[in-house]
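Report on the following structure.
The values are calculated or read from the model by the stated rules, or taken from the named source; none is laboratory data. Not measured: the values here are computed from a predicted model. We place every Cβ from the backbone using ideal geometry, glycine too, and count neighbours over all the protein chains shown. Please note that ligands, DNA and RNA were not included when accessible areas were found on the heavy atoms of the full protein model with its side chains. Shrake-Rupley method; radii C 1.70, N 1.55, O 1.52, S 1.80 Å.
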Amino acid sequence: DTLTFGMGWAHDTRNKAIFATRGILHNLSAEIALPGQDLEYYKLSYRQRRYIPLTKKLTLLMRGEIAYGNGYGDNETLPFFENFYAGGVKSVRGYSDNSLSATAANGEPIGGKLKTVGAVEILFPPPFAADSNAVRMSAFFDAGYVFPSVDSFSIKQLRGSVGLSLSWLSPVGPLLFSLATPVNDRANDDTQAFQFSLGGSF
């Protein structure tokens, strides 16, 4: 039995919620499994999206996320089902969903306590729909990884990718598409050039 308490804070100065072109979005969240339960742990995360207009049609987007969690009291680590993961169309594109972390003996990703993800993107209207308010493209560079602990963090372990993405506010909901090439993948990494997702943040 576990009773958790969570809280969050957000500060949004973007000029619009969908396809913003200027402003900053901050998100800070915390969760703790209260003392005296079967599991005692905590998780903290901070996310930022910063939009900087370059020209009338070009916008620079810098986004990042850092998250950490651990056990306390009688628990020395996070429960395995609370581990952080990275990789995928909403994280580090060009790598399969939740694949960027240490792996178990069978090769399956096991996640970790420390998540670090960041990206730099140039946002622009697609040439085939330059006047559309429902479609936007970007050229991006993503980087990130999930580490077992803070002490194990290494810049050399971060995986990166470059590519193009398309966001479409379709009649069935937001659609995200990406075509990415990993720039420093390793032999056992699970890469995926084309990815898409229904739903997401624009």
Of the numbered conditions (1) farther than 26 Å from ALA130 by Cα; (2) charged (D, E, K, R); (3) in contact with a Lys or Arg (Cβ under 6 Å, 6 or more places away or on another chain), ASP190 fails exactly one; give the number of that condition.
(3)
Could you tell me whether ILE155 is surrounded by fewer than 19 Cβ atoms within 10 Å (Cβ to Cβ), under 26 Å from THR59 (Cβ atoms) and among the aliphatic types (A, V, I, L, M)?
no
When the range 21-36 is checked residue by residue, the ones that are more than 18 Å from the chain's Cα centre (by Cα), open to solvent by less than 70 Å² (accessible area, probe 1.4 Å) and within 30 Å of ASP131 (Cβ to Cβ) are THR21, GLY23
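Inspect the range 50-64 for any residue being assigned to a loop (DSSP other than H, G, I, E, B) and surrounded by 15 or more Cβ atoms within 10 Å (Cβ to Cβ) and give the result as yes or no. Steps first, answer last, please.
Step one: filter the range 50-64 for residues assigned to a loop (DSSP other than H, G, I, E, B), giving 54-58.
Keeping just the survivors that are surrounded by 15 or more Cβ atoms within 10 Å (Cβ to Cβ) gives none.
No; the residues of the range 50-64 include none that is assigned to a loop (DSSP other than H, G, I, E, B) and surrounded by 15 or more Cβ atoms within 10 Å (Cβ to Cβ).
Look at the range 37-49 and say how many of its residues are under 15 Å from the mean Cα position of the chain (by Cα) and surrounded by fewer than 17 Cβ atoms within 10 Å (Cβ to Cβ).
To start, the set of residues in the range 37-49 that are under 15 Å from the mean Cα position of the chain (by Cα) comprises 44-49.
If we keep only those that are surrounded by fewer than 17 Cβ atoms within 10 Å (Cβ to Cβ) as well, we get 44, 46, 48.
Number of matching residues: 3.
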Count - residues of the range 131-151 that are exposed (fewer than 12 other Cβ atoms within 10 Å of the Cβ) and without any contact (Cβ under 8 Å) to a residue 12 or more places away in the chain:
2
Are there any pairs with C-beta distances below 9 angstrom linking a residue in the range 44-67 that is basic (Lys, Arg) to a residue that is not in a strand (DSSP E or B), with the two at least 6 apart or on different chains, and if so which?
ARG49/ARG14; ARG49/ALA20; ARG49/SER201; LYS57/PRO125; LYS57/ALA130
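Considering only residues that are of a type in the set (Lys, Arg) and within 19 Å of ARG49 (Cβ to Cβ), which ones fall in the range 107-162? Working first, answer last.
Let us first name the residues in the range 107-162 that are of a type in the set (Lys, Arg), namely 113, 115, 136, 156, 159.
Once the filter is applied, which keeps residues that are of a type in the set (Lys, Arg) and within 19 Å of ARG49 (Cβ to Cβ), the range 107-162 yields LYS115, ARG136.
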